[in-house]
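Scroll down for the structure; my scribbles are underneath it.
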């Protein structure tokens, strides 16, 4: 009789722990509110309203933390604000959800270029080329960024004083 009680408790526990998993939606079905916030955030980003875009995109992620496009758009906002490390962290979250996200690989590579990590940016470019060849817009954009080099580092490099000759 004791064994049957243990089995009954084990079955009940399995049911309780399995219930939340069976109620989850697949990754391709994002919360509609999250998608609406994403659209609004992208419009604010395009308008140059970076703080408002950031707040709206964070709301999109609060509504649905599986919204990869919100992570990528928030990473673009971070780049506009010259927060390249933050941009890389945000694209890492998008890539954790989908390792082959073309936009995340591009944005991350561009941020790496700005931080002077050209080799890592070229690794992202190689991944993009493997995924979509040389014809996709992400390859073109990242190639251009790599060829251009870091714009921030070049703009902020201090000029050293010329030594005086005696």
*asked:* Could you work out the percent of alpha carbon pairs in the range 24-89 separated by over 20 Å, rounded to a whole number?
replied: 22
*Stokes-Einstein D for the range 73-120, Kirkwood Rh over Cα pairs, 20 °C, 1.002 mPa s (µm²/s)*: 209
*Output the peptides 132-143, 77-88 sorted from most to least packed, where packing is the average of other Cβ atoms within 10 Å over each peptide's residues.*
77-88, 132-143
*By how many nm would the segment from residue 49 to residue 136 lengthen if fully extended, with 0.36 nm per residue of separation less the alpha-carbon distance?*
28.5 nm
_For a distance above 24 Å, tell me the whole-number percent of Cα pairs in the range 31-150 that qualify._
23
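Computed from the coordinates by the stated procedures, all read-outs in this text should not be read as laboratory data. It should be emphasised that the depicted structure is a prediction, and the values quoted were computed from it without experimental measurement. Glycine gets a Cβ as well: all are built from the backbone with ideal geometry, and neighbour counts include every protein chain shown.
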